[in-house]
Amino acid sequence: MTSPALETRRLSKSFGALVVTNEVDFKLERGARHALIGPNGAGKTTFINLITGRIPHSAGCVLLDGEDVSALPQEARVKRGLGRTFQINTLFPDLSVLENVVMAVSERQGRGGDLFRPAGSRRDIIDEAYDLLERLRLADDALRPVRTIAYGRQRLVEIAIALGLKPKVLLLDEPAAGVPSAETALILDVMAELPAEMAVLIIEHDMDLVFRFARRITVLVQGAVLTEGSPAEILADPRVREVYLGERRHD
Amino acid sequence: MTKLDRRTAAVHPVDHIAHSHRLRWPEALPWLLIAATYLLFPSYLALGSQVLIMVLFALSLDLVLGYAGIVTLGHAAFFGLGAYTAGLLAAHGWSEPISALFAAAVVAGAFGAASGAIILRTSGLTLLMLTLAVVSLLAEAANKADSITGGADGLQGIVINPLLGRFDFDLYGRTAYLYCAAVLLVMWYVVRRLVHSPFGRSLTGIRENRLRMHAIGAPVRRRLVTAYAIGAAVAGVAGALQAQTTQFVALNVISFHLSAAVLIILIFGGAGRLYGAFVGAPIYMVAQDMLSRLDPVYWFFWVGLLLVLVVLFARGGILGCVDGVRRRWP
Ligand SMILES: Nc1ncnc2c1ncn2[C@@H]1O[C@H](COP(=O)(O)OP(=O)(O)O)[C@@H](O)[C@H]1O
Ligand SMILES: [Mg+2]
């Protein structure tokens with residue numbers, strides 16, 4: 001039996017007395033198209049931060065490819081094939097779109113620390129980054145500083161940087177957050193074209209997008225897993241409806 | 001069409017990035033000016049050497065502050081270490097200047113690596129305070145160790161052999177000026193290679209968004225310590241040049257005041273552009289020369305006021321303004 005691409009076992013995190021991640025057992029299979037949903041403040045972003053090692057966990061463990069990576073720093077987990085995007089744009093604002101992606105490709109190839117050879121002489125790296133921009137329909141903006149392009153396109157750069165790492169596991173934190181609904185189609189297109197063998201976990205509020213993309217859904221409420229199932233199962237689950245209707249009532 | 005569009009329209013984006021490290025003609029300007037100064041102002045070469053040394057010092061800070069984004073008030077620690085290394089070697093019989101430059105680079109670089117490995121665990125205001133603490137501690141140590149450093153009287157008895165065994169350091173400062181210019185040229189080449197390397201690009205990445213650099217797997221702290229150590233080594237070379245060309249080392253080579261001055265020079269000129277040092281240092285030193293004659297008591301007040309104006313209205317310094325103008329009027 002092969003191990004899942006990503007697994008957490010009783011993963012927990014508290015900030016002081018506030019328990020934000022509560023003994024989460026979770027499996028992301030190879031090639032998965034998996035969504036993590038839940039109301040605001042449920043601890044979804046924190047869950048991703050724990051998996052990537054951006055913040056230290058309080059208890060439990062994270063496994064990549066069946067190996068415990070809980071003690072490893074962020075960069076070591078990235079080297080093992082873990083890529084992510086951010087809910088709030090986390091880009092290199094003054095660098096061009098192309099340079100943003102070159103940065104990621106260069107690090108993946110282990111060239112980021114080269115001291116003397118000009119970065120421009122690594123044509124293979126720049127070509128690869130440019131190919132990625134073409135795939136994500138960003139080529140027209142290649143030389144524009146990232147801060148000058150439209151917000152929806154910046155969200156695509158978020159994804160492009162992560163793809164530059166050629167991750168085995170990709171964690172997408174609300175890729176369509178703040179994007180006008182007319183433009184989410186482009187993001188969905190890009191997600192639909194992701195390599196089949198890549199395991200993808202997406203956090204998303206746009207239920208339309210979730211149900212079109214995901215083949216499996218986990219619902220997180222107050223840091224704990226409420227339920228997990230196929231989209232049809234989740235849609236039919238009265239508890240899930242209650243959580244979402246309840247949230248709407250509070251809004 | 002804006003100028004940017006027209007310039008880049010014909011060039012494929014991949015080529016644009018692939019050629020970004022090529023030399024462009026404005027980069028020859030500083031060297032033409034340095035040569036012209038030698039030919040046209042033979043009686044100002046002593047000041048000229050001082051300016052070249054400050055250019056080199058500010059260039060080393062550009063790597064640390066302008067590229068890696070490490071805000072430091074302690075950069076003079078490395079300048080001072082280099083100056084004392086070269087000065088002490090020369091005062092104790094090692095009179096060959098070029099090997100002493102290497103020694104200064106090694107000492108300052110090693111100290112930069114060691115102190116950087118500790119203080120670069122922090123960031124922001126804490127880091128700023130720690131850089132200040134390091135330079136203060138070192139200054140106090142140099143003051144206390146007066147049997148070695150000469151303390152407040154300064155380090156005397158520095159003897160420098162002729163350059164390459166042939167060129168005496170003459171009274172008019174001609175050899176010193178050419179020596180400083182040659183060392184600056186070599187160091188500029190090294191720093192330029194560095195900032196165009198993947199390592200240098202990754203420093204810019206760390207400055208722009210450290211969080212993202214972590215998330216793409218870059219060993220952020222190691223990169224910062226490396227940049228800090230290299231910047232320290234280059235600053236050490238600048239300090240050594242100062243000791244060798246003036247044949248004297250005063251305590252003020254390790255001081256908050258000098259750290260602040262080099263910071264001001266870089267911000268005036270424009271940080272993170274490689275040439276801010278070349279613009280800022282001559283302007284600052286000539287202005288200092290003139291202001292301190294016009295208003296010997298309060299001249300630093302005017303420097304401070306100018307700094308406030310630059311920070312408020314011209315964030316990229318003088319070079320930033322030049323870029324802005326070129327973008328608006330194609
Ligand atoms: N660094 C932190 N310190 C204290 N509380 C935090 C911190 N980060 C997140 N939280 C809290 O954890 C809870 C979950 O946040 P988050 O993971 O961002 O939720 P989600 O992404 O599901 O909206 C929130 O109540 C938030 O206020
Ligand atoms: Mg979130």
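Given the structure, is A:A42 of a type in the set (A, V, I, L, M) and modelled with pLDDT under 95?
yes
Mind listing whichever residues of the stretch B:216-231 are at the interface with another protein chain (Cβ under 7 Å from one of its Cβ atoms) and open to solvent by less than 10 Å² (accessible area, probe 1.4 Å)?
Within the stretch B:216-231, B:I216, B:G217, B:A218 meet the criteria.
Could you check the stretch B:35-123 for helices (runs of 4 or more DSSP H) lying wholly inside it with 2 or more residues that are under 20 Å from B:F199 (Cβ atoms)? Spell out how you get there, then give the answer.
Numbers: elements: B:45-61, B:76-91, B:97-119.
So the answer is B:45-61, B:97-119.
How many of the residues in the stretch B:309-325 are modelled with pLDDT of 80 or more and in a helix (DSSP H, G or I)?
Going through the stretch B:309-325, the residues modelled with pLDDT of 80 or more turn out to be B:309, B:316-325.
Next, from what is left, pick out any that are in a helix (DSSP H, G or I): B:309, B:317-325.
Residues in the stretch B:309-325 being modelled with pLDDT of 80 or more and in a helix (DSSP H, G or I): 10 in total.
Every residue in the stretch B:132-160 that is outside any helix (DSSP H, G or I) and surrounded by fewer than 18 Cβ atoms within 10 Å (Cβ to Cβ), please.
So in the stretch B:132-160, the residues outside any helix (DSSP H, G or I) come out as B:145, B:150, B:154-160.
The answer is B:A145, B:G154, B:Q156, B:G157, B:V159.
Quick check on A:L28: is it within 16 Å of ligand 2 (Cβ to nearest atom), in contact with an Asp or Glu (Cβ under 9 Å, 6 or more places away or on another chain), open to solvent by less than 50 Å² (accessible area, probe 1.4 Å) and more than 14 Å from chain B (Cβ to nearest Cβ)?
no
Say whether the condition of being more than 14 Å from every other protein chain (Cβ to nearest Cβ), open to solvent by less than 10 Å² (accessible area, probe 1.4 Å), within 11 Å of ligand 1 (Cβ to nearest atom) and not in a loop (DSSP other than H, G, I, E, B) is met by at least one residue in the stretch A:58-71.
no
Mind listing just one residue for me: the one in the stretch A:157-172 that is within 11 Å of chain B (Cβ to nearest Cβ) and within 9 Å of the chain's Cα centre (by Cα) and, of those, farthest from ligand 1 (Cβ to nearest atom)?
A:A162
Pull up the stretch A:184-205, narrow it to residues that are closer than 25 Å to A:F26 by Cα and among the β-branched types (V, I, T), then point me to the one that is nearest to ligand 1 (Cβ to nearest atom).
Ranking the qualifying residues of the stretch A:184-205, first place goes to A:I203.
Go through the stretch A:49-82 and give me each residue that's within 16 Å of ligand 2 (Cβ to nearest atom) and touching a Lys or Arg at 6+ places or on another chain (Cβ under 6 Å).
A:L50, A:T52
Can we say A:V219 is of a type outside the set (D, E, K, R), open to solvent by 20 Å² or more (accessible area, probe 1.4 Å) and either within 16 Å of ligand 1 (Cβ to nearest atom) or touching a strand residue (DSSP E or B) at 6+ places or on another chain (Cβ under 6 Å) (or both)? Explain how you work it out, then say what you get.
Working: of a type outside the set (D, E, K, R): yes; open to solvent by 20 Å² or more (accessible area, probe 1.4 Å): no; either within 16 Å of ligand 1 (Cβ to nearest atom) or touching a strand residue (DSSP E or B) at 6+ places or on another chain (Cβ under 6 Å) (or both): yes.
No; evaluated as a whole, the condition is false for this residue.
Can you pull out every residue in the stretch A:40-52 that is outside any helix (DSSP H, G or I) and either out of contact with any strand residue (DSSP E or B) (no Cβ under 9 Å at 6 or more places or on another chain) or crowded, with 22+ Cβ neighbours inside 10 Å (or both)?
The answer is A:N40, A:A42, A:G43.
Out of the residues in the stretch A:116-135 that are modelled with pLDDT of 90 or more and within 7 Å of chain B (Cβ to nearest Cβ), which is most open to solvent (accessible area, probe 1.4 Å)?
A:D127
Exactly one condition in (1) away from chain A (no Cβ under 14 Å); (2) in contact with a helix residue (DSSP H, G or I) (Cβ under 9 Å, 6 or more places away or on another chain); (3) surrounded by fewer than 17 Cβ atoms within 10 Å (Cβ to Cβ) is false for B:G173; which is it?
Only one criterion is unmet by B:G173, namely (3).
Among the residues that make up the stretch B:238-250, is at least one of them in contact with a helix residue (DSSP H, G or I) (Cβ under 8 Å, 6 or more places away or on another chain) and facing chain A (nearest Cβ under 9 Å)?
For the stretch B:238-250, residues in contact with a helix residue (DSSP H, G or I) (Cβ under 8 Å, 6 or more places away or on another chain) and facing chain A (nearest Cβ under 9 Å): absent.
Can you pull out the residues in the stretch A:72-100 that are within 18 Å of the chain's Cα centre (by Cα), among the polar types (S, T, N, Q) and facing chain B (nearest Cβ under 10 Å)?
Residues satisfying the conditions are A:Q74, A:T85, A:N89, A:T90, A:N100.
Does A:F86 qualify as being open to solvent by 40 Å² or more (accessible area, probe 1.4 Å), aromatic (F, W, Y) and not in a helix (DSSP H, G or I)? Before you say what the answer is, go through the steps one by one.
Working: open to solvent by 40 Å² or more (accessible area, probe 1.4 Å): no; aromatic (F, W, Y): yes; not in a helix (DSSP H, G or I): yes.
Spelling it out, it is not the case that A:F86 is open to solvent by 40 Å² or more (accessible area, probe 1.4 Å), aromatic (F, W, Y) and not in a helix (DSSP H, G or I).
Could you list all residues from the stretch A:31-48 that are more than 16 Å from ligand 2 (Cβ to nearest atom) and not aliphatic (A, V, I, L, M)?
Residues of the stretch A:31-48 that are more than 16 Å from ligand 2 (Cβ to nearest atom), as a first pass: A:31-34.
If the condition is that a residue be more than 16 Å from ligand 2 (Cβ to nearest atom) and not aliphatic (A, V, I, L, M), then A:G31, A:R33, A:H34 are the ones that fit.
Looking at B:G280, B:G205, can you tell me which residue is in contact with a Leu (Cβ under 9 Å, 6 or more places away or on another chain) and more than 14 Å from chain A (Cβ to nearest Cβ)?
Numbers: B:G205 fails: more than 14 Å from chain A (Cβ to nearest Cβ).
None of the others qualify; the one that does is B:G280.
Looking only at residues in the stretch A:103-115 that are over 19 Å from the mean Cα position of the chain (by Cα) and either within 22 Å of B:R22 (Cβ to Cβ) or within 7 Å of chain B (Cβ to nearest Cβ) (or both), which one is surrounded by the most Cβ atoms within 10 Å (Cβ to Cβ)? First the steps, then the outcome.
First, pick out the residues of the stretch A:103-115 that are over 19 Å from the mean Cα position of the chain (by Cα): A:106, A:109-115.
Subsequent filtering for residues that are either within 22 Å of B:R22 (Cβ to Cβ) or within 7 Å of chain B (Cβ to nearest Cβ) (or both) retains A:106, A:111-115.
On the way: A:S106: 28, A:R111: 18, A:G112: 24, A:G113: 16, A:D114: 19, A:L115: 13.
Top of the filtered list is A:S106.
Would you pick out the residues in the stretch A:31-57 that are more than 10 Å from ligand 1 (Cβ to nearest atom) and more than 14 Å from every other protein chain (Cβ to nearest Cβ)? Break it down into steps so the answer makes sense when it comes.
Going through the stretch A:31-57, the residues more than 10 Å from ligand 1 (Cβ to nearest atom) turn out to be A:31-35, A:51-54, A:56-57.
A:G31, A:A32, A:R33, A:H34, A:A35, A:H57 - these are the residues of the stretch A:31-57 that are more than 10 Å from ligand 1 (Cβ to nearest atom) and more than 14 Å from every other protein chain (Cβ to nearest Cβ).
Scan the strands (runs of 3 or more DSSP E) fully inside the stretch A:141-251 and keep the ones with 1 or more residues being without any contact (Cβ under 8 Å) to a residue 60 or more places away in the chain.
A:224-229
Restrict the check to the stretch A:27-39 and report whether at least one residue is of a type in the set (D, E) and in a loop (DSSP other than H, G, I, E, B).
Among the residues of the stretch A:27-39, at least one is of a type in the set (D, E) and in a loop (DSSP other than H, G, I, E, B), which makes the answer yes.
Considering only residues that are polar (S, T, N, Q) and crowded, with 20+ Cβ neighbours inside 10 Å, look in the stretch A:1-21 and name the one that is farthest from A:L226 (Cα to Cα).
A:T8
If A:A76 passes every condition in (1) part of a helix (DSSP H, G or I); (2) crowded, with 18+ Cβ neighbours inside 10 Å but one, which one does it miss?
(2)
So, in the stretch A:233-246, how many residues would count as being open to solvent by 20 Å² or more (accessible area, probe 1.4 Å) and closer than 19 Å to A:K27 by Cα?
The total comes to 1.
Here's a check for you: in the stretch B:1-18, which residue that is open to solvent by 50 Å² or more (accessible area, probe 1.4 Å) and at pLDDT 85 or above is nearest to B:F278 (Cα to Cα)? Can you show your working first?
Within the stretch B:1-18, the subset open to solvent by 50 Å² or more (accessible area, probe 1.4 Å) is B:1-7, B:9-12, B:16.
Add one more test, that the residue is at pLDDT 85 or above, and what stays is B:12, B:16.
On the way: B:H12: 32, B:H16: 26 Å.
So, considering only residues that are open to solvent by 50 Å² or more (accessible area, probe 1.4 Å) and at pLDDT 85 or above, the one nearest to B:F278 (Cα to Cα) is B:H16.
The values are calculated or read from the model by the stated rules, or taken from the named source; none is laboratory data. In this text, all values refer to a predicted model and were calculated from it rather than measured experimentally. Don't worry about glycine lacking a Cβ; one is built from the backbone with ideal geometry, like all the others, and counts go over all protein chains shown. Calculation scope for accessible area: heavy atoms of the full protein, side chains included, ligands and nucleic acids excluded. Shrake-Rupley method; radii C 1.70, N 1.55, O 1.52, S 1.80 Å.
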